Amino acid sequence: MSDVEEAITLAHRDEWARVVATLTRRFGDLDIAEEAAAEAFATAVEKWPSDGVPPGPGAWLTTTANRKAIDRIRRENKRDDKQKEARMVYDDDPPEPPGVIDDDRLRLIFTCCHPALALETRVALTLRMVGGLTVPEIARAFLVAESAMGQRITRAKAKIKAARIPYRVPSAEDLPARVSGVLAALFLVFNEGYLATGPDTDPLRHDLTAEAIRLTRLIRALLPDDGEVAGLLALML
């Protein structure tokens, strides 16, 4: 693997969820966020080998993905309401209040793990959007066909959009009822990092284990007296 290819691989592992979460906060749409992030990484694969790795790969990917998202919105909104285009392109405010902890990825995981979604769907969506796993990797983990898993994730994103599921950490009174699904998803993200299932991946993916621990620590700060949260964090550590 060349230095550039390795840099792109590391950027994908370290930056995928951050880019998706940042774009979800701005545009309020998981599809737009994911597709723009994918286009940004594809552009990196195309340009970095000849142009060199930029000084700040993460910032470059975020900026490129943001431009891709705006381009897509402009194309789609030629057929839609121009006021909606103006709001989404130029408004930097998140579509919903950020909640008690200002962390994009924590908000994203609570969105992915909303109780309106089936538990298996919450976990699969979290592995994709927060963990950055590919659809084939998630399908292998669930022992289902890749096409079926792809459809499951697509339907979940569509339901989040149609139901206007908010992108935020729940209020204090709603947290206890919401946290079990989040912990289950984080445990599987950690497991995928501790013993990756992909055929071409390292057995240990430190990016996934570290992110699962970081997010569990944030939930521990939200619920310091919750034994389930403390137990999961202890198990990970």
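The values are calculated or read from the model by the stated rules, or taken from the named source; none is laboratory data. Please read all numbers here as calculations on a predicted model, not as lab measurements. In this analysis, Cβ positions are derived from the backbone assuming ideal geometry, glycine residues included, and neighbour counts consider all displayed protein chains. Quick note on the areas: whole protein, heavy atoms, side chains included, nothing else; ligands and nucleic acids left out. Shrake-Rupley method; radii C 1.70, N 1.55, O 1.52, S 1.80 Å.
Brief remarks on what is shown
- Selection from the range 19-59 of residues that are surrounded by fewer than 18 Cβ atoms within 10 Å (Cβ to Cβ) and closer than 26 Å to Lys159 by Cβ: Asp31, Glu35, Ala38, Glu39
- Residues satisfying the stated conditions in the range 107-135, i.e. in contact (Cβ under 8 Å) with a residue 40 or more places away in the chain, within 23 Å of Arg205 (Cα to Cα) and open to solvent by 40 Å² or more (accessible area, probe 1.4 Å): Arg122, Thr134
- Number of positions in the range 48-80 that are farther than 22 Å from Arg25 by Cα and out of contact with any Ser or Thr (no Cβ under 9 Å at 6 or more places or on another chain): 9
- Single residue of the range 102-122 satisfying the filter (out of contact with any Leu (no Cβ under 6 Å at 6 or more places or on another chain) and aliphatic (A, V, I, L, M)) that is nearest to Ala141 (Cα to Cα): Leu119
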